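Peer 1: First, the structure itself, so that you have it in front of you.
A short reminder: the numbers here are calculations on the coordinates, not readings from a lab. Note that the coordinates shown come from a computational prediction; the quantities given were computed from them, not determined experimentally. All Cβ positions, even for glycine, are placed from backbone atoms using ideal geometry, and neighbour counts span all protein chains on display.
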Amino acid sequence: MADLASDAPFATPARESLKTADGKPLKAALARAQARSRRRALFLVLPLLVFILVTFVFPIGQMLFRSVHNDAFSRNMPNLVAWFEATEPGTEPDEAAYAALAADLKLLRENRTAGEVGTRVNYELSGSRSLFTSTARRANALEPPFREAILAENEGWADPRLWQVMRDASSAYTANFYLAAVDLMHTETGEIARVPPDRQIYVNLFLRTFALSALITVLTLILGYPIAHLLATLPLRYSNILMILVLLPFWTSLLVRTTAWIVLLQQQGVINSTLVATGLIADDQRLAMIYNQTGTIIAMTHILLPFMVLPLYSVMRPIPPSYVRAARSLGASSWKAFRSVYFPMTVPGIAAGGLLVFILAVGYYITPALVGGASGQLISNLIAYHMTDSLNWSLAAALASILLAAVLLLYWLYDRLIGIDNLKLG
Amino acid sequence: MALPVYATPLERLWYYAYRVICGLIFLFLIAPILVVIPLSFNAEPFFTFTEKMLSLDPEGYSLRWYDLLLTFGMQAPEAPRDWNWWRDVWNNATWVKVAKNSLIIGFFSTILATVLGTLAALGLARSEMPWRRAIMAILISPMIVPIIITATGLFFFYSWTGLAGTYTGIILAHATLGIPFVIITVTATLIGFDQSLNRAAASLGASPARTFFKVTMPLILPGVISGALFAFVTSFDEVVVVLFIAGFDQQTIPRQMWNGIREQISPAILSVATILVIVSIALLTAVELLRRRSERLRGISPG
């Protein structure tokens, strides 16, 4: 028996490494097999990853680049850019500067780009666009000495603030749009200061967006918690039917739901008419519930409520009812049993639903645009305004990147706390 | 959660009050959607129930707003309703045109999102997948990033690449937006999928492709189809990207509704809304049935 054991294959000395059937070291073969299956898994994901990177991540990155890069001035005003580069910041514009300006104005006239440059400067000093277009129109008549000639054309060129703005714009890369996005600006002396109070809109709008989103999150929690609890504690055959009432709004078009709220809430709408018909309010005192902040809050709470109920439900369903019963049998009141036993177990659901609703609310666009009026607009609406109406794309990009940074931070938090894999829909 | 026998009177009161509160919240959820349905049959151009409607007088109801959906944009809406009239509807009516666009864009973006999304979900479900968490975060991000940021990004990208105002551009964009939903639903189906089934098939000599189509696919199909329905609804409901990048020829139903709501809202919008509610009821039913089938297939719940 003893020599049989020494002949057995598994009794090889420990020094010699294990081999596969074809004589390769087992460790290397295993590593190769694992690398192959890793590659295979990656290969399945790769097409989509490339697709998302090309059609989603790259375009957004390209758009955000506009927030720090705007070459409308530097591309079209080469002479003045050269003068700015050669002189210290704060230098008084001399005859050479005005000569460069005159040469550039002639270029603007030739290339018909005065509007483009004027718009760029106008972003930071309103009213200066016409200065560029009107002077460029008569640029060919300019004769030395250029300083007198240009100032005779328009006194506005002597404004030191204008020269400060042009110096800023002479570099294609700028942080000024970020400054503008948080209500700051460069003064004549190059310091950073707050813009005049009547033009401070963006910080307030960011604050309003976050405040309204927080309010909507709290409202969805207050409304969502009881029904999620009811759904989780009813027998499955009833809760499945009631669940349809949550899922149907979820599946219904956003525009349909927004339309429905317009129908219900407007001055001649269903709710006001009912209140008037029942005599609760007079005909001339119909409530203004839409095209203002109230409309935004009501409609968004309704639209985002399923995003709160579904995560809460998926956390509450597995909680065994015996826990609360055990607490009751040990003498806890029903409030105490809820407060100390049931509620702590639902906190992950509250975190998941709350973060999800808040993330979605911060970036909401359609509903505020349709029912928000003036007071119910969110930051997304202002980004859209700068994209389509004021055409200040760099400012839109700066606002968008601040919003995106906030959303990605919350997204990262969501991934840390809850994990994206645990996101469930219906 | 039946009321226990030891409940105090106060608890009894709360028990019923709680159900009433829940009933009111459910009403808040569902009433706005249901209220548009009767109003879309209004004979008058109002958004309230007229007295005739409340007394269930047939004269208070009409199909005029549904008729307007057909005739709006036609060349000869007053012509006799023969074959030529219907051809006019099919070719020229605005709402028919936008419905065709919505279906075309929805169909192709759904196919693209489903194929790419399902493949990726299969890869992500493997335990040996490297950088799983980071890749998953990137693939889900189209759902999280505010739609206005996506739309402005695509606006510049598409003007640069010449995709603006083309069907291809919108289909690609809508596929991107639908992909997170496909990944979430298919990944959820793959949790609890028994990987040894694949190994069994391989050990019996099946090629990876044959294993996929004969073993894996039938089991995850319900999840794939609900993912596809989610992707379709995402595209069917999307308006912001269309606002920014679509040309005049690619207007969709939500885009046309957006016009209607912004300019002057008429009960015709309500009749579109009613049709869309019916569509979503059908889709919801389909997804529910698929979910139950999937659970039965995977033996999760008794059915």
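Peer 1: Evaluated at 4 °C with a viscosity of 1.567 mPa s, what Stokes-Einstein diffusion coefficient in µm²/s does the stretch B:88-162 have when Rh comes from the Kirkwood expression over alpha-carbon pairs? Intermediate values should be presented prior to the final figure.
Peer 2: On the way: Rh = 15.6 Å.
This corresponds to a translational diffusion coefficient of 83 µm²/s.
Peer 1: Related question: Can you list the HN-Hα couplings for the stretch A:67-74, worked out from phi with the Karplus curve (6.51, -1.76, 1.60; θ = phi - 60°), rounded to whole Hz and with x for Gly and Pro?
Peer 2: My calculation for the stretch A:67-74 gives 6, 10, 10, 8, 9, 4, 7, 5 Hz in order.
Peer 1: Among B:13-22, B:239-248, A:148-157, A:249-258, how do they line up by average Cβ neighbours within 10 Å per residue, starting with the highest? Provide the component values of the computation, followed by the final result.
Peer 2: Numbers: B:13-22: 13.2, B:239-248: 20.3, A:148-157: 15.1, A:249-258: 22.6.
Ranking the peptides B:13-22, B:239-248, A:148-157, A:249-258 by packing returns A:249-258, B:239-248, A:148-157, B:13-22.
Peer 1: Set the Förster distance to 22 Å, then compute FRET efficiency between A:Gln200 and A:Asp284 from the Cβ-Cβ distance, nearest 0.05.
Peer 2: Numbers: r = 37 Å, r/R0 = 1.67.
After rounding, the FRET efficiency stands at 0.05.
Peer 1: Would you work out the relative contact order for chain B, in percent, from Cα pairs under 8 angstrom that are 6 or more residues apart? Please list the in-between numbers first.
Peer 2: Numbers: 325 pairs, mean separation 71.9, N = 303.
The value is 24 percent.
Peer 1: According to a simple spin-label model (label point 7 Å from Cα along Cα-to-Cβ), what is the distance in nm between A:Ser239 and B:Ile30?
Peer 2: Each label point is offset 7 Å from its Cα along the Cβ direction, giving 1.8 nm.
Peer 1: Find the centroid of the Cα atoms in the stretch B:1-39 and in the stretch A:128-201, then give the distance between the two in whole Å.
Peer 2: Distance between centres, Cα-based: 63 Å.
Peer 1: Sum -39500 (n - 2.57) across every DSSP H segment of at least 4 residues in the protein assembly as shown, then divide by the residue count to get the 222 nm mean residue ellipticity, nearest 500. Let's see the in-between values first.
Peer 2: Numbers: 36 runs with 497 residues, N = 729.
The helix contribution divided over the protein assembly as shown gives -22000 deg cm²/dmol.
Peer 1: Now for a different question. For B:Lys97, which lysines qualify as cross-link partners when the Cα separation must be under 21 Å and same-chain residues fewer than eight apart are set aside?
Peer 2: Straight-distance partners of B:Lys97: none at all.
Peer 1: Would you order B:Ser280, A:Ser170 from fewest to most other beta-carbon atoms within 10 Å of each residue's own beta-carbon? Before the final figure, lay out each step's value.
Peer 2: Working: B:Ser280 22, A:Ser170 18.
Ordered from fewest to most neighbouring Cβ atoms within 10 Å, B:Ser280, A:Ser170 come out as A:Ser170, B:Ser280.
Peer 1: Would you mind listing how long the stretch A:202-422 runs along its three principal axes, going by Cα atoms, in whole Å with the largest first?
Peer 2: Dimensions of the stretch A:202-422 along the principal axes of its Cα atoms: 65, 51, 28 Å.
Peer 1: Another question, if that's okay. Which whole-number value in Å³ per residue fits the convex hull of the alpha carbons of the stretch A:380-426? Intermediate values should be presented prior to the final figure.
Peer 2: Numbers: hull volume 4.1 nm³, N = 47.
Considering the Cα atoms of the stretch A:380-426, their hull volume per residue is 86 Å³.
Peer 1: Further, regarding this structure: Mind pulling the per residue volume of the convex hull built on the Cα atoms of the stretch B:98-297? Å³ is fine.
Peer 2: Per-residue hull volume (Cα only) is 132 Å³.
Peer 1: To continue, here is another question. Between B:Ile281 and A:Asn422, what FRET efficiency follows from the Cβ-Cβ distance if R0 is 35 Å, with the result rounded to 0.05? Display every interim value, and only then the final one.
Peer 2: Numbers: r = 28 Å, r/R0 = 0.81.
Result of the calculation: an efficiency of 0.80.
Peer 1: What order do you get for A:277-288, B:43-54, B:109-120 when each peptide is scored by the mean count of other beta carbon atoms within 10 Å, highest first? Write out the running numbers ahead of the final one.
Peer 2: Values: A:277-288: 10.7, B:43-54: 15.9, B:109-120: 23.6.
Going by the mean number of other Cβ atoms within 10 Å, highest first, we get B:109-120, B:43-54, A:277-288.
Peer 1: Still on this model: Neighbouring Cβ atoms within 10 Å as the yardstick, rank A:His229, A:His69 fewest first. All intermediate terms of the calculation are to be shown ahead of the outcome.
Peer 2: Details: A:His229 21, A:His69 15.
Taking fewest neighbouring Cβ atoms as first place, the list is A:His69, A:His229.
Peer 1: Show the residues, 5+ positions off or on another chain, whose built amide H is closer than 5 Å to the amide H of A:Lys19.
Peer 2: For A:Lys19, whose amide H was placed from the backbone, the distant partners under 5 Å are A:Leu26.
Peer 1: Taking +1 at the Cβ of each Lys and Arg and -1 at the Cβ of each Asp and Glu, which of B:Pro80, B:Val98, B:Phe41 sits farthest along the dipole of the stretch B:11-136 towards its positive end, judged by Cα position relative to the Cα centre?
Peer 2: My answer, from the dipole projection, is B:Val98.
Peer 1: Is the shape of chain A rounded, prolate or oblate, going by the alpha carbon gyration tensor and its root eigenvalues a ≥ b ≥ c, with a/c under 1.5 for rounded and a/b larger than b/c for prolate? Spell out each step's value before the answer.
Peer 2: Details: a/c = 3.19, a/b = 1.38, b/c = 2.31.
It is oblate, given that a/c is not under 1.5 and a/b is not larger than b/c.
Peer 1: Still on this structure: Sort all Cα-Cα distances of the stretch B:44-110 into consecutive 10 angstrom bins from zero, then give the percent of pairs in each bin up to the one containing the longest distance.
Peer 2: In whole percents, the pair-distance histogram is 19, 32, 26, 20, 3.
Peer 1: At 0.36 nm per residue, minus the direct Cα-Cα distance, what do B:Ile111 and B:Tyr61 gain on full extension? Give it in nm, one decimal, please. Don't skip to the end; give the middle numbers.
Peer 2: Working: separation 50, 0.36 × 50 = 18.00 nm, distance 4.07 nm.
Once the chain is fully extended between B:Ile111 and B:Tyr61, it gains 13.9 nm.
Peer 1: Report the per residue volume, in Å³, of the convex hull enclosing the C-alpha atoms of the protein assembly as shown. Intermediate values should be presented prior to the final figure.
Peer 2: On the way: hull volume 209.7 nm³, N = 729.
Spelled out: Cα convex hull of the protein assembly as shown, divided by residues, is 288 Å³.
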